[in-house]
Structure formats: C-alpha cells, structure tokens
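Every read-out reported here was derived from the displayed coordinates using simple, explicitly stated rules and does not represent laboratory data. Computed from a predicted structure; not experimentally measured.
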Amino acid sequence: MDDLREFEKRLKGFRPVAPGALPEGRFRKPAWMFGAMAAAAAVVAVAVVANGLLKTVPRPKLEEPSQAALPRAKREVSLASLRRVAGDEAALVAALDAASPRLLRPVGGEGMRVR
Amino acid sequence: MERGLIRRMYEEHGPALLLYARALAGDASSAEDAVQQVFLRLLAGRVPLPECPRPYLFRAVRNESVTFLRGRDRVVALADAEPMFVAPPEAEEGERERLEEALAELPAEQREVVVLRTWGDLTFEEVAELVGVAPNTAASRWRYGLEKLRARLARTEVE
C-alpha cells in the first residue's frame, strides 16, 4: 500500500488545469435589452388600442349605398311609369327629374339642393 | 453569500472539480459548463453554501454532469484535445499525455474514485457517500484504479 501512496503522490504533482473565468454576466441582461423590450411592449399596446378604436368607427355596409351621396327622390318612379312616358321626351325628363335630384338643371328657381 | 468568497472557492476548487466533471462527462467544454453552472447558482444566491463546501461542490458537479449525460445520445471520448493536467517540471516528456490516456482507459467507477481521492482530496468516507457505495468499496476501487494506472504508465515508458 505504501508504494501505491508514493505513486499517488507522484500523480498529485500533475495539477488539473483550471476552468475559464466565471461568466458572471450570463444572468444579467444588458440595459439595452430592457429598453428594447419596453419599446416592443409599447408598440403592442398602441396597436391594441388603435385596433380597438378602429372597431368603434361605424363603417357603411357595402350592400347599403351611402345616403349622403344620393339625395332622396322626390317621387317614386317605376318601370311602368317610365313606359307610360317613354314616347314623350318632355314627360320622360320630368319623370326622371322627379326620381332624381336636379343636380344639373335648376327648375323653378329651386337650385341645386341635396337632401 | 459573499461573492468574493465564492470566487475564491472557484479558484481553489475549480481545477479539481473540472477534472472530476471531465472524468464523468468526457469533453472539456461540457465539463466546464457543469462546473460553472454550480458556481453561477451560488453567485445568484439560489442555493445556500454548507459549512463543508468541498464535498458539496463535488456532489453538485456530479449531479450537473449526470443531468448533462442523460440528455446526450452518446458518450464523448474522455481524452479530447484539451489537456487535463499541467505537468510538473520534473515530469518526463509525454508523461502528461500518457497519464491522461491511462486515466481515460480506466473503468468509469475506478476513474471517478481515483480522481475524487487523488485530486479532489476527499476522504474515503466522503467518496463513498458521494458515489453511493460503502467506504471499503470506494477504497478497493481506488486501489485497483491506481494499480492499473501504474501498470499502464510503466508499460508505455518501456515502449
């Protein structure tokens, strides 16, 4: 056993190599990362708020044309009523005027009016 | 726990712990990761340090190395390019390399005990408790391991 201990003493002369320096900064996040995370969070928050605001603005439905662009007809018009006046140009114009606003020809001093 | 004390412990015990981790895990970088993880946890204050740090540190490195080994598909050869020792001035040429090769050729359980006892300076009782065997078994493994190392080194000297 003594010779084994002598051999062990000889082995101890070989020193194990040291590990590298401890990476102590490994668990510390750099300050710029916090700024980047805060900026990203702000962008997400703005996007969420903006999306919520957009949803509250009433949007006209496509199947219903905007009433602001089309003034109401003064009188109802139908195909039958148009056929009755088809041969009479003046009557036809009058019928069409009645169904649509007189945007181009003011009649009777009324002028251009959007209802 | 004072950071300065932990850093001093790293300097004092780090080399033996690294050798032990390499004896278990194989490659140098994995072994270094295991040792550094143990000390980084101490620095972060996540674990308290017991009064006798040496056995605790070896146990912590063992647990870390075993966890690492479980996650790997294959065992990396012990003797990779990174040297494990610094040879003393009186060492013969090539003796360090022969020692490292001989250590790599030992059975794993003998290599572990030889490293813990010879370079870790643990007692046989501490070694036994760490590896989970009786002190007599630890002593036997140490004796057989040293005899194999001595025979191996003597054979390569003749060659």
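Between A:Ala18 and A:Leu54, residue separation times 0.36 nm minus the direct Cα-Cα distance comes to 6.7 nm. Taking the alpha carbon gyration tensor of region B:1-82, multiplying each eigenvalue by 5 and rooting it gives semi-axes of 23, 13, 10 Å, largest first.
Of interest is the spacing of the C-alpha centroids, which for region B:103-159 and region B:13-29 amounts to 15 Å. Taking 0.36 nm per residue of separation and subtracting the Cα-Cα distance, full extension of the segment from B:Ala44 to B:Glu147 would add 32.9 nm.
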